[in-house]
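The values are calculated or read from the model by the stated rules, or taken from the named source; none is laboratory data. If you're wondering where the values come from, they're calculated on a predicted model, not measured in any experiment. Cβ sites come from the backbone with ideal geometry, for glycine too, and all protein chains shown count toward neighbours. Keep in mind that these areas ignore ligands, DNA and RNA; they rest on the heavy atoms of the full protein, side chains included. Shrake-Rupley method; radii C 1.70, N 1.55, O 1.52, S 1.80 Å.
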Amino acid sequence: MSAVKRLPGFQDILPEDRVYWDYVMSKATGLAQRYGFLRLDPPVVESINLFARGNGEASDFFVNKEMYAIEESDGSYVALRPEFTAGMVRAYVNNGMHSRPQPVKLYTFGPAFRRERQQAGRFRQHTQFDCEILGETDPAADLEIMMLAMSVFKEIGYSELEFQLNSTGCKTCKPGYVQALKDYLGDHLDKLAEIDQQRLKLNPLRILDSKEKGMNELLAGAPHIVDHLCEDCETHFNDLRAMLEKLGTPYKINFRLVRGIDYYTKTVFEVWDSRIGAQGSLCGGGRYDGLAEAIGGSSTPGVGFGLGIERAVLGMKAEEITPPSPPEPTIFVAHFGGDTKLAAVDITYQLRSAGIGTRLAFARDRRSMKSQMREANKYPISYAIIVGDGELAEGKVTIRPMFEGSGDQYQHPIEDVLAEIQKAAGNG
RNA sequence: GCGGGUAUGGCGAAACGGUUAUCGCGCUUGGUUGUGGCCCAGGAGUUCUGGGUUCGAUUCCCAGUACUCGCCCCA
């Protein structure tokens, strides 16, 4: 029988990779806290309605949107969350967080699921760092979200970062723009790929980020949404730009950056690694002033971003950023079984209780000292404590320094081993 | 759902239409009785599966499967 295999699109995060993850997560957490965000973890599973929201037949929706849906015994559907924002807003609404000081600034970490085919950096289970500011319309909140997103990468050590920025308008001005875009593309139907002709009917904004050939040329003459914004959206956009410029933060207006669903409003942004170019999108976010209402809450403005840890780690490796190594035991305790093993166990737990990382040699029977020392040598051990019959009879153990340029081994009274190691390790 | 690429021991590679398929790393055992890193000797691999071509295939062809990259979708 062949071994059970990991599901396609899912991954095992091995110890060597996990240190990258921990690094990203510690930087992100530290920044979020410094910005005054509080952690809130919504559940992994939510009602399908949270994500489907009146988009016609729910089953079509979650099949089309590659969602992991589970049928309950009463015939209703629940889903593994495909993203965080909806759950965060639901939590805000359900927990009456509008009665807290506004805005409410929240962050979280966790897995999200999309039933999609695997490609570079995209998995069926991916892990996100997510931040939201709820209950605030000030573009300074948009700025805060953007700066927080970029700062995570900056702190990790990314060197060439910039924003791609656009506005997606609001229910007042977006329809007018969509019509203008449709009119323009309708005049050039013959130049549209089949897939884009489909999109023209279903979701014309998506044509803006089409990957079909010739789109750069065709879209060069297309209308830009920033020329179609209503007064409110235009002011918001300009205020945000003024703040970015005040901070000297590089950004490019990218009229092809869009959101197709209508509860998205105003700001849309991505953080790009400008060295990688068009494929360099590291994370994205934006404003969604219509979402709370769409899920049945009272109108609450919101802005946020989600950052995929996998993508951040991939970039770290590309940038050759090495995360710090986790602490490892520096003391090794070797023995020869029998009474020496009992003494070794005792010493090991004395050291561990004192907060000293210690590795005990395992051996069901007597094990050769060569083998034990070879084991110790595989780890960053600075002192080996050897509990031998001879020393034990005299109430002593051997302490053998193992770091480079260390001195000779020596014997030391067993009852004083902890103090001796504390002293030696303090100097070493 | 659609399309491209790749499939050799834990990992990275090599080889050839034909006797026991090679190397490095790693793992593991041992090198006299209680001691690391070097060195030496030994140990572990049905060349993804199933067909086909052939006297004979790991090597050629086909299918399947897996992995991978891209498209669709991206809240």
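Assorted remarks:
- Residue ID - nearest to A:Gly284 (Cα to Cα), chosen from residues in the range A:64-106 that are touching a Leu at 6+ places or on another chain (Cβ under 9 Å) and among the polar types (S, T, N, Q): A:Thr85
- Residues in the range A:212-237 that are under 18 Å from A:Lys252 (Cβ atoms) and open to solvent by 30 Å² or more (accessible area, probe 1.4 Å): A:Asn216, A:Ala220, A:His224, A:Val226, A:Asp227.
- Restricting A:Leu240, A:Leu244, A:Leu257, A:Leu282 to residues that are surrounded by 21 or more Cβ atoms within 10 Å (Cβ to Cβ) and in contact with a Phe, Trp or Tyr (Cβ under 7 Å, 6 or more places away or on another chain) narrows the list to A:Leu282.
- Answer from A:Gly121, A:Gly135 - the residue that is surrounded by fewer than 20 Cβ atoms within 10 Å (Cβ to Cβ) and within 11 Å of RNA strand B (Cβ to nearest atom): A:Gly121
- Looking across the range A:333-353, just one residue is open to solvent by 50 Å² or more (accessible area, probe 1.4 Å) and of a type in the set (Val, Ile, Thr), and that is A:Val345.
- Among the residues of the range A:349-372, the ones that are touching a residue at least 24 places away in the same chain (Cβ under 8 Å) and more than 15 Å from RNA strand B (Cβ to nearest atom) come to 7 in all.
- Cross-chain or 6+ apart pairs with Cβ under 6 Å, the range A:186-209 first and closer than 21 Å to A:Asn254 by Cβ, then of a type in the set (S, T, N, Q): A:Asp196/A:Ser210
- One residue from A:Thr322, A:Thr330 being open to solvent by 30 Å² or more (accessible area, probe 1.4 Å) and closer than 30 Å to A:Ala120 by Cβ: A:Thr322
- Complete set of residues in the range A:309-324 that are modelled with pLDDT under 85 and in a loop (DSSP other than H, G, I, E, B): A:Glu319, A:Glu320
- Subset tally (residues that are open to solvent by less than 40 Å² (accessible area, probe 1.4 Å) and in a helix (DSSP H, G or I)) for the range A:354-372: 1
- If you go through the range A:183-193 and keep only what is open to solvent by 40 Å² or more (accessible area, probe 1.4 Å) and either farther than 18 Å from A:Val226 by Cβ or within 16 Å of RNA strand B (Cβ to nearest atom) (or both), you end up with A:Asp187, A:His188, A:Leu189, A:Asp190, A:Lys191.
- Filter result (over 10 Å from A:His335 (Cα atoms), surrounded by 15 or more Cβ atoms within 10 Å (Cβ to Cβ) and near RNA strand B (Cβ under 6 Å from one of its atoms)) within the range A:373-406: A:Met373, A:Glu391, A:Thr398, A:Arg400, A:Met402
- Within the range A:144-182, the set of residues being of a type in the set (A, V, I, L, M, F, W, C), within 17 Å of A:Tyr107 (Cβ to Cβ) and open to solvent by 10 Å² or more (accessible area, probe 1.4 Å) comprises just one member, A:Met147.
- Members of the range A:388-398 found to be outside any helix (DSSP H, G or I) and over 16 Å from A:Ile356 (Cβ atoms), listed by number: A:Gly388, A:Glu394, A:Gly395, A:Lys396, A:Thr398
- Qualifying residues in the range A:142-160 (those that are aliphatic (A, V, I, L, M) and in contact with a Gly (Cβ under 9 Å, 6 or more places away or on another chain)) - the one nearest to A:Phe255 (Cα to Cα): A:Met146
- Enumerated helices (runs of 4 or more DSSP H) restricted to the range A:194-276, each holding at least 2 residues that are away from RNA strand B (no atom under 16 Å from the Cβ): A:215-220, A:231-247
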